[in-house]
Amino acid sequence: MPSTSMVDGFRLRYDVVGEGPPVVLLHGWPGDRTDYRHVVPLLASTRRLVVPDLRGFGESDKHLADPSEQYGAAGQARSVIGLIEELRLGRPVLGGYDIGSRIAQQVALTRPDLVGGLVLSPPLPGIAERVFGEQAQREFWYQAFHRLPLVEHLIDGRPEAVRAYLTHFWSHWSGPDFEPDIDHLVIDYAEPGAFAASIAWYRAGAGTVAASAAERQPDPAHRVATPTIVLWPEHDPLFPRDWSDRLTAFFSDVELRPVDGAGHFIPLECPREFADAVTAAGS
């Protein structure tokens, strides 16, 4: 599997498949690049697809480092920018869900010249004070938990604990007709240090609660200008569909596509809808 040159001391491992206009797909937590295993075959005949493991995930580097410097949105975006530039992808479509969505947005804000289109599913900006509502706080408990050293003692390097923990999220966050297959994730996340590396995103203060608390509506000149398609699922307990009402305050060119029947894991639950959005974003 190819890897990038180092950025901040981190190399990303990635898959590259197909020929055509470039697309970069960014996975979520708890996941890895295989989150797009059903999307890639739908696009490989017409697109050049680059699918990396993000910093701290899968086969990419997992270094002990200050999370706020190296594992937050800015640090992750630097590695994705390095990947785009190294492979000379021009202006690819970036697709992302969960933390991959936040990272794709950061890339588009930091280097709009490198992004031809965005395909995103939650989280999206516009949540703001609603993240402190009673129902939201019942769902987002794990983000505070991930910032405690206790989480490593209870879960890291313990395969059965990793399985139980990941199964909770993949079952609870998905739609009613989805049957999660996470055996490969359990193996990878159970390696000593792997679970701790995966939650460095939250220790960097990059989770939805922290990001929403700090959110400020930008003036029109500082909205994301990249053409954006947002896929908003019906059954995501973290992100109710009515939280999509403020997108135009943050994106100057955005199309909202509701996805009925799906939960949080859009690329795996509805790969055809995700692939169609990528095709539309790059046309």
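Can you send over the carbon and sulfur percentage of the accessible area for the chain, probe radius 1.4 Å, protein chains only?
52 percent
Leaving ligands and nucleic acids out of the surface, order 113, 98 by accessible area at 1.4 Å, largest first.
Ranked list, largest accessible area first: 113, 98.
Can you give the accessible area of residue 46, probe radius 1.4 Å, in Å² rounded to 10?
Roll a 1.4 Å probe over it and residue 46 shows about 70 Å².
I need the shape label for the stretch 191-261. Rule: rounded when a/c is under 1.5, else prolate if a/b > b/c, else oblate, with a, b, c from the alpha carbon gyration tensor.
Since a/c reaches 1.5 but b/c is at least a/b, the shape of the stretch 191-261 is classed as oblate.
Using alpha-carbon positions, what is the distance between the centroids of the stretch 65-135 and the stretch 158-174, in Å?
Result: 25 Å between the Cα centres.
Please report, in debye to the nearest 20, how large the charge dipole of the stretch 1-112 is about its Cα centre when each Lys and Arg carries +1 at its beta carbon and each Asp and Glu carries -1 there.
That gives a dipole near 300 debye.
Kindly provide the helix-only [θ] at 222 nm of the chain, computed as the sum of -39,500 (n - 2.57) over DSSP H runs of four or more divided by all residues, to the nearest 500 deg cm²/dmol?
Mean residue ellipticity, 222 nm, calculated: -9000 deg cm²/dmol.
Would you mind telling me the antiparallel percentage of the DSSP bridges in the chain, rounded to 5?
Around 20 percent antiparallel, to the nearest 5.
The values are calculated or read from the model by the stated rules, or taken from the named source; none is laboratory data. Just so you know, these numbers come straight off a predicted model, no measurement behind them. Using ideal geometry, Cβ is built from the backbone for each residue, glycine included, and neighbour counts are taken over all protein chains shown. Ligands, DNA and RNA are stripped out before the accessible areas are found, and what is left, the full protein with its side chains, is counted by its heavy atoms. Shrake-Rupley method; radii C 1.70, N 1.55, O 1.52, S 1.80 Å.
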